[in-house]
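None of the figures in this text is laboratory data; all of them are computed from the coordinates on show. The structure displayed is predicted, hence computed values, not measured ones. In this analysis, Cβ positions are derived from the backbone assuming ideal geometry, glycine residues included, and neighbour counts consider all displayed protein chains.
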Amino acid sequence: MTEDGGIDLFRISVYDGKTFSEHDERLVCEIPLEVHVNDRKVITIACAGLHVEELAVGFLRSEGVLRTRDDIVAVEVHPGRTSVKIRTVEGREMLNPEREADRSLASSGARGLGSPMQRCPEEPLSGKVSLAPEAVLDLMERFLGKACLHEETGGTHAAALVWNGEILAVREDIGRHNTIDMLGGYALLHDMDCRDAVIFRTGRVSSEIVLKIWRLGVPLVCSLSVPTTEAVEITRRAGMTLIGSIRRGRMKIYS
């Protein structure tokens, strides 16, 4: 039985230490999403099937194919949410779609179509955002309260886009990279400048996550979890503020 909202209902057996019993379990979906650019398939992304328009647009933005809302002529989403077809203005195509057409991105795998460092921005971030410690803690609690899929299934990552102290969008998915691309797609489709934005997230902050956020122009990232060494080095080079381990009234500022 499939439900709306990226969740399937499965009948399972549960052992409680003494006996077995039958229960209905709510599990997060996993579907292959095909992304097409100008009638050419360029990638297949494993995702939960939510906000697929934002995911496709955000992925292409992260790859440098899309830069502004004006680069998009049309977006067509398949009724079953299994494919997104995007038509761009001339000159915004994938560089080598034939070579990349068979690429698939797993829910936890590497994201880009090339080397991450080859796609590293050249200029430090120009935006500056300041949040009081109390505001960081409050926003993290509010963000986690809106991460409904994780509360129901325990099987998703979550990220939020914050603007002027308000949570504009919360996105959840089986892939932590997908949530950042969704927010990037949301910002591009809403013609939003991210230099004054903040991203909150639940998962580990890796180098690829930081590079995606750098390319969005977001100067401040706050995470429930911790970063890797490479992620910290990149944030320092980018001029980005990175706050992690935000829990129980405490936090760590890494850059």
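Dividing the Cα convex hull volume of the chain by residue count, how many Å³ per residue is that?
Taking only Cα atoms, the chain has a hull volume of 139 Å³ per residue.
Choose one answer from MET240, MET140, MET192: the residue with the largest mean-square fluctuation in a GNM of the chain with alpha-carbon springs under 10 Å.
Comparing MET240, MET140, MET192 in the GNM, the peak value goes to MET192.
Based on the alpha-carbon set only, what is the convex hull volume of region 134-198 divided per residue, in Å³?
Hull volume normalised by residue count: 79 Å³.
Taking Cα centroids, how far is region 177-255 from region 1-67 in Å?
One Cα centre to the other: 23 Å.
Sorted by average packing, counted as other Cβ atoms within 10 angstrom per residue and highest first, what order do 45-52, 145-152 take?
So the order, starting with the most tightly packed, is 45-52, 145-152.
Straight-line reach from LYS41: which aspartates and glutamates have Cα under 12 Å away, leaving out those fewer than 8 places along the same chain?
Hits, sequence-local ones excluded: GLU93, GLU98, GLU100, ASP102.
If you consider only alpha-carbon coordinates, what radius of gyration and Dmax does region 1-57 have, in Å?
16.9, 58
Amide H to amide H, which residues 5 or more places from CYS47 or on other chains are under 5 Å from it, using H placed in the peptide plane?
When sequence neighbours closer than 5 places are left aside, the close amide H contacts are ILE31, LEU33.
For the chain, modelled as a GNM with alpha-carbon contacts under 10 angstrom, which of ASP24, ASP70, ASP193 fluctuates the most?
ASP24
Please tell me the relative contact order of region 25-70 in percent, rounded to the nearest whole number, where contacts are Cα pairs under 8 Å and at least six residues apart.
Once divided by the residue count of region 25-70, the mean separation gives 28 percent.
Take the Cα gyration tensor of region 159-255, multiply each eigenvalue by 5, square-root it, and list the three semi-axes largest first, rounded to whole angstrom.
Over the Cα atoms of region 159-255, the ellipsoid semi-axes are 19, 14, 13 Å.
Amide H to amide H, which residues 5 or more places from MET251 or on other chains are under 5 Å from it, using H placed in the peptide plane?
none
If we count other beta carbons within 10 Å of each Cβ, what is the order of HIS23, HIS36, fewest first?
HIS23, HIS36
Could you list which residues have their amide H under 5 Å from that of ALA197, counting only those 5 or more apart in sequence or on another chain, with H placed in the peptide plane?
none
Among 227-234, 72-79, 56-63, 124-131, how do they line up by average Cβ neighbours within 10 Å per residue, starting with the highest?
Output ranking for 227-234, 72-79, 56-63, 124-131: 56-63, 227-234, 124-131, 72-79.
Would you mind telling me which residue in GLY185, GLY91, GLY244 has the biggest mean-square fluctuation in a Gaussian network model of the chain, where springs connect alpha carbons within a distance under 10 angstrom?
GLY91
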